[in-house]
């Protein structure tokens, strides 16, 4: 019975990821796509947590941390890129 | 007892998934980058926090272990999701994305016209008192 509930949770999260993928493809500006990518990463993190509960293992917990960190760094770098035009600046004007 | 906590954890995970789905609906239907990022940042972070809290309770009830990595992930998502949304919104404004036509207020435009900088630098400092 718990397996059924967890599978339903996983399906709902997958539908959320598909909605974000629509915004990722159709978004008119680049910031839309970045926001959609951020939300996809965070939903993926939740999906892995539910998957851990479904398999009853704790072996996938590191993946949650790594995906969280990579999502944050990716969003930061992309936002900086579209704001300034470069990621790493070598000038002294900071 | 463990079964009750397990069911509470599963219901928490389900509620978090529903929050994530609602945030995806907002991400599709809202008219503007800024409103969309409002939906994507806040409610998705809340849903993920619910799911991770459910997983934490689940493993605490089933295996009897407190998983510190899940607590760390909860704190990390709670801290970084608003920061990422803020950076993305500021980058969108400075790269020239228009506001929705129904928007009624634009404070950042005045800030940019006045100082050209964003952040706490633009707070007007009071004049220092003049010495006679």
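Each of A:8, B:77 was scored by other Cβ atoms within 10 Å of its Cβ. Arranged with the fewest first, they read A:8, B:77.
Neighbour counts of C-beta atoms inside 10 Å place B:38, B:86 in the sequence B:86, B:38, starting with the fewest.
The angle separating the long axis of helix B:44-62 from the principal Cα axis of greatest extent in chain B is about 30 degrees. If one takes the longest principal axis of the Cα atoms in chain A, at what angle in degrees, from 0 to 90 and to the nearest 10, does the Cα axis of helix A:2-26 lie? With rounding to tens, the tilt is 30 degrees. Relative to the dominant Cα principal axis of chain A, helix A:61-84 is inclined by about 30°. Once the Kirkwood radius over Cα pairs is known for chain A, the Stokes-Einstein relation at 10 °C and 1.306 mPa s delivers a diffusion coefficient of 105 µm²/s.
Computed over the range A:17-94, relative contact order equals 26 percent, with contacts defined as Cα pairs under 8 Å that lie 6+ residues apart. Sorted largest first, the spans of the alpha carbon positions of the protein assembly as shown along the three principal axes are 76, 46, 35 Å. Taking 1.306 mPa s as the viscosity and 10 °C as the temperature, the Stokes-Einstein diffusion coefficient of the range B:1-68 based on its alpha-carbon Kirkwood radius rounds to 125 µm²/s. Run lengths n ≥ 4 of DSSP H only: what is the helix-derived mean residue ellipticity at 222 nm for chain A, with -39500 (n - 2.57) per run over all residues, to the nearest 500? One gets -28500 deg cm²/dmol as the mean residue ellipticity at 222 nm. For a modelled paramagnetic label at residue A:84, 7 Å from Cα along Cα-to-Cβ, the residues of the range A:22-53 in reach, with backbone nitrogen under 19 Å, are A:31. Taking 18 Å as the cut-off, the amide N atoms of the range B:55-75 that come nearer than this to a point 7 Å along the Cα-to-beta-carbon line of residue A:8 belong to B:55.
Order by neighbour count: A:71, A:57, fewest other Cβ atoms within 10 Å first, most last.
So the ranking, lowest neighbour count to highest, is A:57, A:71.
For the range B:56-96, the fraction of alpha-carbon pairs lying more than 16 Å apart is 55 percent, rounded to a whole number.
Here, each number is a calculation from the coordinates, and none is a lab measurement. All figures in this text were calculated on a predicted structure; none of them were measured in a lab. All Cβ positions, even for glycine, are placed from backbone atoms using ideal geometry, and neighbour counts span all protein chains on display.
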